[in-house]
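Computed from the coordinates by the stated procedures, all read-outs in this text should not be read as laboratory data. Only a predicted model underlies this, so the values are computations on that prediction, with no experimental measurement involved. Positions of Cβ are backbone-derived with ideal geometry, glycine not excepted, and every protein chain shown enters the neighbour counts.
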Amino acid sequence: MYMHKSNAAWTSTIYVPQLLGYLFGCHLALAWQAFLDLEAFSGPEPARFSLVGAPLAFTLQARPELYEHIDKGTRNHNNVDYHALYMAVKEGDGIEKTKQLQREHIAAASDVLEKFPNCDARTALSNIIVAMNGDHLC
């Protein structure tokens, strides 16, 4: 399709900010999800935690035999051996890998944010990133 140069400039003016906003939002959301996934492993052992969170997913990747503890809950979720899974996550590298994943998405969100105009909204978004970047979990 033929596009006149002036149309191309207008199109990029409209879509670049939208694309940057989309990319920032994606990375911020993924960093936030990693942050939330880590919460279950930052204090006392919870009775239950997400079986699809990053810390357990990374642990299961390294130790697939742990799936047997999840399989016990196929018919009744009360049969899942959360304690065994929790201990495996705490002893393995799932927490550190989740923190690394969070750092990668924070860095990517920060890189995108640098392309935004300097304004109060950018400062507020930057403050959210700074708050998530604190290594206070686990």
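Could you list the residues of segment 88-107 with an amide nitrogen less than 17 Å from a label point located 7 Å from the Cα of residue 65 in the Cα-to-C-beta direction?
88-93
Just need log10 I(q)/I(0) for segment 65-138 at q = 0.15, 0.16 Å⁻¹, Debye formula, equal scatterers on the alpha-carbon atoms, no solvent, rounded to two decimals.
Values returned for q = 0.15, 0.16 Å⁻¹ are -0.68, -0.72.
Using the Cα centre of the chain as origin and beta-carbon charges of +1 (Lys, Arg) and -1 (Asp, Glu), tell me which of 57, 26, 38 is placed farthest towards the positive end of the dipole.
Comparing the listed Cα positions along the dipole, 26 ranks first.
Round to the nearest 10 and give me the degree value, 0 to 90, for the angle of helix 82-91's Cα axis relative to the longest principal axis of the chain.
Around 60 degrees separate the two axes.
Might you report the magnitude of the Cβ-based charge dipole of the chain about its Cα centre, with Lys and Arg at +1 and Asp and Glu at -1, to the nearest 20 debye? Before the final figure, lay out the partial values.
Values: 11 positive and 15 negative charges, 95 e Å.
Value, rounded to 20: 460 debye.
Going by the alpha-carbon gyration tensor, a ≥ b ≥ c the square roots of its eigenvalues, is segment 18-133 rounded (a/c under 1.5) or, if a/c is not under 1.5, prolate (a/b greater than b/c) versus oblate? Intermediate results must be reported in sequence, preceding the final value.
Values: a/c = 2.82, a/b = 2.72, b/c = 1.04.
Prolate shape, in that a/c is at least 1.5 and a/b is the bigger ratio.
Under the rule of at least 5 residues apart or a separate chain, name every residue whose amide H is placed under 5 Å from the amide H of residue 50.
So residue 50 has HN proximity to no qualifying residue.
Read phi for every residue in segment 47-63 and hand back ³J(HN,Hα) as whole Hz from Karplus 6.51 cos²θ - 1.76 cosθ + 1.60, θ = phi - 60°, with x for Gly and Pro.
Once rounded to whole Hz, the list reads 5, 9, 8, 5, 7, 10, x, 4, x, 6, 4, 5, 5, 5, 4, 7, 9.
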